Amino acid sequence: MTDATSAPSPRGAAVGRGIGIGLMYGLFRPRVLGAWRVPASGPVILAVNHSHNIDGPMLMGTAPRPVHFLIKKEAFVGPLDPFLRGIGQLEVDRTTADRTAITRALGVLEDGGVLGIFPEGTRGEGDFASLRAGLAYFAVRSGAPIVPVAVLGSTERRGRLISALPPLRSRVDVVFGDAFEAGDGSGRRTRKALDEATLRIRARLTGHLEHAGRLTGRTG
């Protein structure tokens, strides 16, 4: 049994990827572009825009490697709690500096795994406008490269059978960008260094989102 303090399971994340593949390709028609840009091994952070609840599962099912997502603690209720922990996902309290979540997320990167983050902190416009400093901290502290990911099309229309989901068999585009380093090479982790890294990250993520919109012919 996986508990709140134990290390996330790589095997569990691999199972979660298999579930994501089955669900996302079974319910929708994902079009994946640039997945080869995700490093084949070693630590990496996937920074994903977040405008719909399926964005996380969609990335889990389309990324070329298993992903450990930082997910708000409010999702860990009822039967979802043991399920999310069992597939290697990380609970985080967004209202405070959650040291347990930080330690476990850094542990994923130290073990050479893939950490998934919604850098806006919560579901919103999905335009990377309100970036939080957490992504910069993880990137600078671990030295792991960031791969920007744009999920487009999940909010364009509502399904007839389940209005909370996009229409069944509709196309959702997942566009992976070029990996980049967030730090300035100095290794500094001061507040100023993290603020500067956050600005660099925002520019790269926003640029990728705009490029992905032009590439796919859609903007959200």
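The values are calculated or read from the model by the stated rules, or taken from the named source; none is laboratory data. Small disclaimer: the values here were computed from a predicted structure and weren't measured. Neighbour counts run over all protein chains shown; Cβ positions are idealised from the backbone, glycine included.
For the reader, a short list of remarks on this structure follows.
- Scanning the range 166-183 for residues that are in a loop (DSSP other than H, G, I, E, B), of a type in the set (A, V, I, L, M, F, W, C) and crowded, with 21+ Cβ neighbours inside 10 Å gives a single hit, 182.
- If you go through the range 93-110 and keep only what is surrounded by fewer than 13 Cβ atoms within 10 Å (Cβ to Cβ) and part of a loop (DSSP other than H, G, I, E, B), you end up with 95, 96, 97.
- When the residues of the range 111-133 are filtered to those that are at pLDDT 80 or above and within 29 Å of residue 153 (Cα to Cα), the one that is surrounded by the fewest Cβ atoms within 10 Å (Cβ to Cβ) is 113.
- Every pair of residues 6+ apart whose Cβ atoms lie under 7 Å, when the first sits in the range 22-49 and is buried (at least 16 other Cβ atoms within 10 Å of the Cβ) while the second is of a type in the set (Ser, Thr, Tyr) and assigned to a loop (DSSP other than H, G, I, E, B): 28/170
- Within the range 3-46, restricting attention to residues that are within 27 Å of residue 143 (Cβ to Cβ) and hydroxyl-bearing (Ser, Thr, Tyr), the residue that is modelled with the highest pLDDT is 41.
- Selection status of residue 76, of a type in the set (A, V, I, L, M, F, W, C) and either touching a residue at least 12 places away in the same chain (Cβ under 8 Å) or surrounded by 23 or more Cβ atoms within 10 Å (Cβ to Cβ) (or both): yes
- Selection count where residues are surrounded by 15 or more Cβ atoms within 10 Å (Cβ to Cβ) and either aliphatic (A, V, I, L, M) or not in a helix (DSSP H, G or I) (or both), scope the range 184-211: 6
- Some residue of the range 53-71 being more than 15 Å from the chain's Cα centre (by Cα), surrounded by 14 or more Cβ atoms within 10 Å (Cβ to Cβ) and without any contact (Cβ under 8 Å) to a residue 60 or more places away in the chain: no
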